[in-house]
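Here's the structure we're looking at; comments come further down.
The values are calculated or read from the model by the stated rules, or taken from the named source; none is laboratory data. Worth saying up front: this structure is predicted, and the values here are computed from it rather than measured. We place every Cβ from the backbone using ideal geometry, glycine too, and count neighbours over all the protein chains shown. Just the protein is used for accessible areas: all its heavy atoms, side chains included, with ligands, DNA and RNA removed. Shrake-Rupley method; radii C 1.70, N 1.55, O 1.52, S 1.80 Å.
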Amino acid sequence: MKIGMYVSGGPSPDAVVDQVRTAARAGLDSAFLSQLVSWDALTLAALCATAAPGIELGTAVVPTYPRHPLALAGQALTVQAVAPAGLTLGIGPSHRKIIEGQFGYRYDRPARHIREYLTVLRPLLRGEPVDVHGETVTAVGRVDAPVAVAPSVLVSALGPVMLRVAGELADGTVTVWTGPRTVDDHIAPTIAKAAADAGRPAPRVVCSVMACVTADPDRVRAAVASQVGFASDFPSYRAILDREGLRGVHETVAAGDEAAVERALRRYAEAGATELLVSLVGDAREQARTLGVVAALRAGD
């Protein structure tokens with residue numbers, strides 16, 4: 001199982017670049033950048049490509065509704081051209097509350113939208129022209145930004161319909177707030193079957209997880225609940241949490257001593273994850289200890 005770092009932001013672009021450098025120095029495979037209402041993930045990826053050229057870069061995830069695939073393809077191909085270790089472009093429809101409440105777009109038929117979006121995006125990333133007039137996406141033209149290898153594309157897929165779309169049309173899925181049990185009995189088998197039925201290679205199953213080596217797991221989980229607990233009420237996350245029998249996203253945090261955190265992370269590989277993205281939480285000392293466990297686990301694998 002490949003292991004990378006999930007970088008959820010920082011007070012400045014330089015701070016984000018420093019986190020990616022830290023991941024590279026620790027010998028991790030990748031660094032994935034979040035796309036929230038803050039620094040632009042793909043712009044940061046281009047900066048990181050020159051600062052830490054040996055590490056794969058990714059996004060997790062870029063919302064699709066506010067970004068036309070012609071524009072996103074141009075951004076992604078620019079990063080791919082300057083990133084020696086390559087780019088993984090993680091995309092997703094986001095959530096109704098965000099797309100309608102913040103951006104003012106209609107959050108209509110997200111699975112249909114992602115299917116049509118991928119139908120446009122993948123050819124564009126290969127340098128091919130498109131002429132698509134779909135129900136949710138219209139795109140005509142091509143992107144003149146030649147690269148030797150197209151970026152890999154992942155979809156933030158959790159439900160069965162979206163997982164089938166990801167298996168048929170993308171290179172895999174990237175998940176959040178998903179425990180090993182759900183990866184084992186839902187995520188991995190559903191997307192693997194969809195890819196096989198479509199005659200495509202075995203998909204990437206990239207799982208992000210918050211982790212903290214700490215003597216006080218309850219404090220760490222309470223802090224996570226106060227910061228991002230609202231995500232527990234988003235329908236797609238709520239459905240996954242219910243499958244796991246969890247009250248909120250804070251209960252997915254891998255927290256405890258070194259041995260407990262290592263066991264929790266290893267369960268993802270046993271469940272079928274091909275890659276793990278670890279988000280370091282807790283105070284500075286706890287994050288340093290956690291990174292040590294993650295780096296040792298990667299070196300041991």
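At a glance:
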item	result
Per-selection Rg to Rh, the chain - Cα, Kirkwood hydrodynamic radius	0.95
The stretch 90-192: equivalent-ellipsoid semi-axes (sqrt of 5 x gyration tensor eigenvalues, Cα, Å)	25, 19, 12
Heavy atoms of Asp14: accessible area, 1.4 Å probe, square angstrom to 10	110 Å²
Residue with peak Gaussian network fluctuation, the chain [Cα springs, cutoff 10 Å], from Val228, Val37, Val130	Val37
Environment charge at Val281 (Cβ cut-off 14 Å; Lys +1, Arg +1, Asp -1, Glu -1)	-1
Equivalent ellipsoid semi-axes - Cα gyration tensor, the stretch 168-218, angstrom	29, 10, 6
Length added when fully stretched, Leu36-Ala198, from 0.36 nm per residue minus Cα-Cα	55.1 nm
Between 0 and 90°, nearest 10: helix 13-25 axis offset from the chain longest Cα axis	70 degrees
Residues of the chain: accessible area per residue with a 1.4 Å probe, Å²	43 Å²
Proximal charge balance of Ser30 [Cβ under 10 Å; K/R count +1, D/E count -1]	-2
Alpha-carbon centroids, the stretch 196-258 and the stretch 3-46: separation in whole Å	19 Å
Accessible surface of Arg109 - all protein chains present, 1.4 Å probe, nearest 10 Å²	130 Å²
Mean separation of Cα contacts under 8 Å, 6 or more apart, over the residue count of the chain: relative contact order %	18 percent
Rounded tilt (10° steps) of 258-271 against the dominant C-alpha axis of the chain	30 degrees
Loop sites in the stretch 245-275: trypsin sites (Lys or Arg not before Pro), DSSP, at most 15 other Cβ within 10 Å	Arg247
Length-normalised contact order for the stretch 155-234 - Cα pairs under 8 Å, 6+ apart - percent	29 percent
Computed accessible area, Asp233, all protein chains, 1.4 angstrom probe, square angstrom	120 Å²
Spatial extent of the stretch 182-278: Rg and Dmax, with the Cα atoms as the point set, Å	14.9, 48
Contact order normalised by residue count of the stretch 212-260, Cα under 8 Å, 6+ apart, percent	53 percent
Theoretical gain in end-to-end length, Glu270 to Arg219 [0.36 nm per residue, Cα-Cα removed]	15.6 nm
Of all accessible heavy-atom area on the chain, the percent that carbon and sulfur account for (1.4 Å)	54 percent
In degrees, nearest ten, helix 235-244 long axis to first principal axis of the chain (Cα)	40 degrees
Beta bridge orientation in the chain: antiparallel %, DSSP, nearest 5	10 percent
